[in-house]
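> Dropping the structure in here first, questions after.
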Amino acid sequence: MSEKIGIVAYGVYIPRNRITVDEIASVWGEDANEIKMQLQVFEKSVPFPDEDVATMAVEAARNAIKQWRGESEKIGAIYVGSESHPYAVKPTATIVAAAIGAEGQTTAADLEFACKAGTAGMQMCFGLMQSNMIKVGLAIGSDSSQAKPKDPLEYTAGAGSAAFLIGKQNVIAELEGMYSYTSDTPDFWRREGATFPSHGQRFTGMPAYFDHIIKATKGLLEKINRKPEDYDYVTFHQPNTKFPLRVAKMLGFSKEQVEKSLACKYIGNTYSASSMIGFAKILDDAQPGDRVLVTSYGSGAGSDSFSFRITENIEKIRDRSKTVQYYIENKRNISYGLYSRYKGILKV
Amino acid sequence: MEPPKIWRERKERYLGIGIMCEDCKKKNFPKTRICPDCGSENVKPYKIAERGTLKYFTQIMNTGDELVFNTPYVVGLVELEDGIKVTAQIVDCDFKDLKKGIKLEQTFRVIARNGKEGLIKYGFKFRPI
Amino acid sequence: MSNEVYIIGTGQTKFGEFFDLNIGDLASEAVSKAIKNAGIGKNEIRTLFIGSTVSNSLSQSSIGGICTRSCSLSSNAYRIESGNASGAAAFHHAFLSIKSGLYDVVVVLGIDKLSDYVQNGTIEKILASSIDYQWEYEMGATLTGLYSFLTQAHMEKYGTTLEQLAYIPTKNHQNGVLNPKAQYRYAIPIEKFLNAKRIADPIGRFDIATPCDGAAAIILASERYIENKKTHSYKVKILSSSVGSDTLALQHREKLTELKATKIAANDAYHKAKLTASDINLAEVHDSHPIGEILAIEDLGLVPKGEGGKASVEGLTALNGKITVNPSGGLKARGDPFGATGIAQLIEIVEQIRGNAGKRQVNDVQYGLTQNVMGTGVMSYVSILGRGEN
């Protein structure tokens, strides 16, 4: 590769409200301790009524731009991946473009691929970069996921956003390779007009999450001739905490390699933002020379796997914007009553 | 919640674009074609400060239908670091804990929703730093 | 001959909720009573000036033709809008039309029908049309929310207390008991105001004037007309009708501890009437929110700046106190049919000057003043009436 391409800046956003597993379990008469042990999730993030995928995407994008310190007009592509865009028809990406001052000579689109639409946007930006079609691209994963009351998903379906600026100048995490694996696997879906998604219960595990992540990650490692132990950190899609820990083990990664990325314990599953927030959490602490592996998973189904090497530029951008830890700690707990109002379960 | 109005106002609502007068140097928001202070036509776009101080605030219980989804909410008079004053909602806070004089920063939120099928209006609000 | 302007007749509906009456019904009652009161013929009326904030603006905003037909008038008619001060604005323009020598007899009608808007949020939206709709209302404020800022500013600078503020509606409800045209003819103990749920802190649920239905009409005549007719037993002279202005949005004002528009209007009104504030012992002012009355009596110069709350508690503004303020019950107890309010204020002064105010009659009335405010004070209208020389 003649020129380094990679991440030049990143930003996240997580809404301030949390609802605990205990609070949800108490409504349905379930055993909270059993659920917490099973999922290893303690609480999840909940947006305010005046927050949605677009507002969270803008907040994350603005954090990324603040870290980057570049000019928004130079952003040549904006992709927003989500399974909960505020409009069925009308892009979120144009709202983001206007709200970061990047309207004009840019391409923009909304993407949907369950929980991996954000990393699909990253791939598209890398492609445009590699072919010299743009100078800087912005890929965002943002979701405010819905879960049917009493469904097991209700304990984890959270909200959050992560934005990555991709470019060639002042790269903080150089792209070493990427690899994807896709198959038509109906493990999780939501039909047009349906409020809540449906899923295939245990079918979402082995043939879906595990199979795709393993194939994409192994594919990448083979392609660029690397082994799990070459990496300092790894992050996977986090529908709960148990799955990424188990898939890490299956792939031969240690608990220590994956542990840093596990934001899910405190904010739940942020869908399109999940593996990206995990990556951002790693970047918040990563040192020059560190290697990071990122593998997303989107139901339906597919996985995108990326290998990055952290550069010395990471030191320069530290503390320029809010970290994942800041958002994890900046919280207030709400009752199930308020939760149902905020989520629109309670109709007024 | 008319489409042309939402489109026309987006730079003001999303980015806080007002004006600065090249003659009297006064800054103003929202924008006007001529300077409201000196009448000069020599005005240029100016982005208002992102941070400010809470001057007055109250909690709104009743309001028009497109805003009511968010009630009760806090609205305040905010004096920005550049001296411009704006009326805006204060979010990410509990009314009972708010204090006059606290520092605030801009955030991007849903201002109004036109029912279930109409447009969504976005714009700036403030949150405590 | 000078061109003085006189009030020669008044008419008013009761204020309240009249689900079975429409705009035309209300207009007809007020105008017919005023014409009868003035003892003039309908054909003498040249123009009908209608002050209406809303009328039926969600459907029929041009209500001139509705009113002339309902009142069986063949005059021309204009609707004049100046938010909650539409009545005073119509009066001001009617006054000018005679002052200019153009007309001899005109009718001013203040009217609004708000009981139709029973769905949540509609009244708030209507009230929002007289604040900065785009950069106050759409940003989250309401008229009451902005009055909360005005209240806080006054409390902060002058130490005005919630108890002092609560005294205003308490006093106005006491006066309202004595007014047969008032919507609320009962006294409310001060504790009820103080203990009520805050709907825009520090403003409580019961502090605010209630939008309702009503119409009020006044017949104005030129000096020339009166001299020719010599039929009018008790005429009231308009000594001045003035208006002041300020910015629409509070955020564009230098200070929130006064209504600049009221000060400007008052100075002009005193000057034109060749009077000072010390000559006034009777005023009808815009008490849509308690701070409104405090700001009014201070900015009109009736009490020293900052002492409006204290003066109220000390009874200075009570019925037959040093300066009787809102003997009618004010917007609070009389009810607030926006456009009709400004005219009802003037009618109260006319009744007081004529000695027709019954149990709420103020002693020694030589002059009376009205103050009617649009929104949070973007426009303020001040008029001074006096006894006509007989």
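The values are calculated or read from the model by the stated rules, or taken from the named source; none is laboratory data. As the structure is a prediction and not an experimental result, all values here were calculated from the model. Methodologically, a virtual Cβ is constructed for each residue, glycine included, from the backbone with ideal geometry; neighbour enumeration extends over all protein chains shown.
> In the stretch C:89-137, how many residues are within 12 Å of chain B (Cβ to nearest Cβ), β-branched (V, I, T) and either surrounded by fewer than 24 Cβ atoms within 10 Å (Cβ to Cβ) or in a helix (DSSP H, G or I) (or both)?
So the answer is 3.
> Continuing with the same structure: Give C:L73, C:L26 a once-over and let me know the one that is assigned to a loop (DSSP other than H, G, I, E, B), aliphatic (A, V, I, L, M) and farther than 20 Å from C:H286 by Cα.
Just one listed residue meets the conditions, C:L73.
> Which one is surrounded by the most Cβ atoms within 10 Å (Cβ to Cβ) among residues in the stretch C:186-237 that are among the small types (G, A, S), part of a loop (DSSP other than H, G, I, E, B) and more than 13 Å from every other protein chain (Cβ to nearest Cβ)?
Per the criteria, the residue is C:A209.
> Would you check if there is a residue in the stretch A:110-123 being without any contact (Cβ under 8 Å) to a residue 40 or more places away in the chain, closer than 13 Å to A:I78 by Cα and not in a helix (DSSP H, G or I)?
Within the stretch A:110-123, one or more residues are without any contact (Cβ under 8 Å) to a residue 40 or more places away in the chain, closer than 13 Å to A:I78 by Cα and not in a helix (DSSP H, G or I).
> Additional query: Can you tell me which residue is nearest to the other protein chains (Cβ to nearest Cβ) among those in the stretch B:69-78 that are of a type outside the set (S, T, Y) and surrounded by fewer than 19 Cβ atoms within 10 Å (Cβ to Cβ)?
B:F69
> Given the conditions (1) assigned to a strand (DSSP E or B); (2) out of contact with any strand residue (DSSP E or B) (no Cβ under 6 Å at 6 or more places or on another chain), and given that C:P169 satisfies all but one, which numbered condition is not satisfied?
Failed condition: (1).
> For the stretch A:136-156, which residues satisfy the criterion of being out of contact with any strand residue (DSSP E or B) (no Cβ under 6 Å at 6 or more places or on another chain) and either of a type outside the set (D, E) or crowded, with 24+ Cβ neighbours inside 10 Å (or both)?
A:D143, A:Q146, A:K148, A:P149, A:K150, A:P152, A:L153, A:E154, A:Y155
> Also: Suppose we filter B:T53, B:T32, B:T58 for residues that are part of a strand (DSSP E or B), at pLDDT 95 or above and either facing another protein chain (nearest Cβ under 7 Å) or farther than 30 Å from C:M155 by Cα (or both); which single one remains?
B:T58
> Filter the stretch C:353-365 down to residues that are more than 18 Å from C:F15 (Cβ to Cβ) and touching a Pro at 6+ places or on another chain (Cβ under 9 Å) and give me whichever is surrounded by the most Cβ atoms within 10 Å (Cβ to Cβ).
C:V362
> Quick one: count up the residues across the stretch A:42-70 that are of a type in the set (D, E, K, R) and either modelled with pLDDT under 95 or under 15 Å from the mean Cα position of the chain (by Cα) (or both).
Residues flagged as of a type in the set (D, E, K, R) and either modelled with pLDDT under 95 or under 15 Å from the mean Cα position of the chain (by Cα) (or both) within the stretch A:42-70 amount to 2.
> Please note which strands (runs of 3 or more DSSP E) are completely contained in the stretch A:1-52 and include at least 1 residues that are touching a strand residue (DSSP E or B) at 6+ places or on another chain (Cβ under 8 Å) and among the basic types (K, R).
A:17-20, A:43-46
> On the given criteria, is A:S180 in contact with an Asp or Glu (Cβ under 6 Å, 6 or more places away or on another chain), assigned to a strand (DSSP E or B) and within 30 Å of A:I314 (Cβ to Cβ)?
Criteria met by A:S180.
> Right, next: Does C:I168 count as out of contact with any Leu (no Cβ under 9 Å at 6 or more places or on another chain), of a type in the set (A, V, I, L, M, F, W, C) and either surrounded by fewer than 18 Cβ atoms within 10 Å (Cβ to Cβ) or over 30 Å from C:L48 (Cα atoms) (or both)?
Yes; evaluated as a whole, the condition is true for this residue.
> Here's a follow-up. Step by step: first the residues of the stretch A:1-21, then only those that are modelled with pLDDT of 95 or more and hydrophobic (A, V, I, L, M, F, W, C), then the one that is nearest to the chain's Cα centre (by Cα). Which residue is that?
A:V12
> Something else: Which one is farthest from the other protein chains (Cβ to nearest Cβ), of the residues in the stretch B:80-129 that are in contact (Cβ under 8 Å) with a residue 24 or more places away in the chain and among the basic types (K, R)?
Within the stretch B:80-129, the match that is farthest from the other protein chains (Cβ to nearest Cβ) is B:K103.
> While we're on this one: Filter the stretch A:32-84 down to the residues that are of a type in the set (D, E), within 14 Å of another protein chain (Cβ to nearest Cβ) and crowded, with 19+ Cβ neighbours inside 10 Å and list them by number.
A:D50, A:E51, A:D52, A:E59
> Given the condition under 13 Å from C:G214 (Cα atoms), among the hydrophobic types (A, V, I, L, M, F, W, C) and outside the structural domain of C:Y186 (by TED's automatic domain parsing), answer yes or no: does some residue in the stretch C:58-73 qualify?
No - not one qualifying residue is present in the stretch C:58-73.
> Considering each of A:G101, A:G29 in turn, give the residue that is on the phi > 0 side of the Ramachandran plot, within 14 Å of another protein chain (Cβ to nearest Cβ) and surrounded by fewer than 21 Cβ atoms within 10 Å (Cβ to Cβ).
Sole residue among the options that is on the phi > 0 side of the Ramachandran plot, within 14 Å of another protein chain (Cβ to nearest Cβ) and surrounded by fewer than 21 Cβ atoms within 10 Å (Cβ to Cβ): A:G101.
> C:D279 passes all but one of (1) free of Cβ contacts under 8 Å to residues at least 24 places away in the same chain; (2) surrounded by fewer than 19 Cβ atoms within 10 Å (Cβ to Cβ); which number fails?
Every listed condition holds for C:D279 apart from (1).
> So, in the stretch A:85-98, exactly how many residues are without any contact (Cβ under 8 Å) to a residue 40 or more places away in the chain, closer than 18 Å to A:S144 by Cβ, at the interface with chain B (Cβ under 10 Å from one of its Cβ atoms) and buried (at least 16 other Cβ atoms within 10 Å of the Cβ)?
Count: 1.
> For the stretch A:296-348, enumerate the residues that are among the basic types (K, R), part of a strand (DSSP E or B) and not assigned by TED's automatic domain parsing to the domain that holds A:P228.
Residue satisfying the conditions is A:R332 alone.
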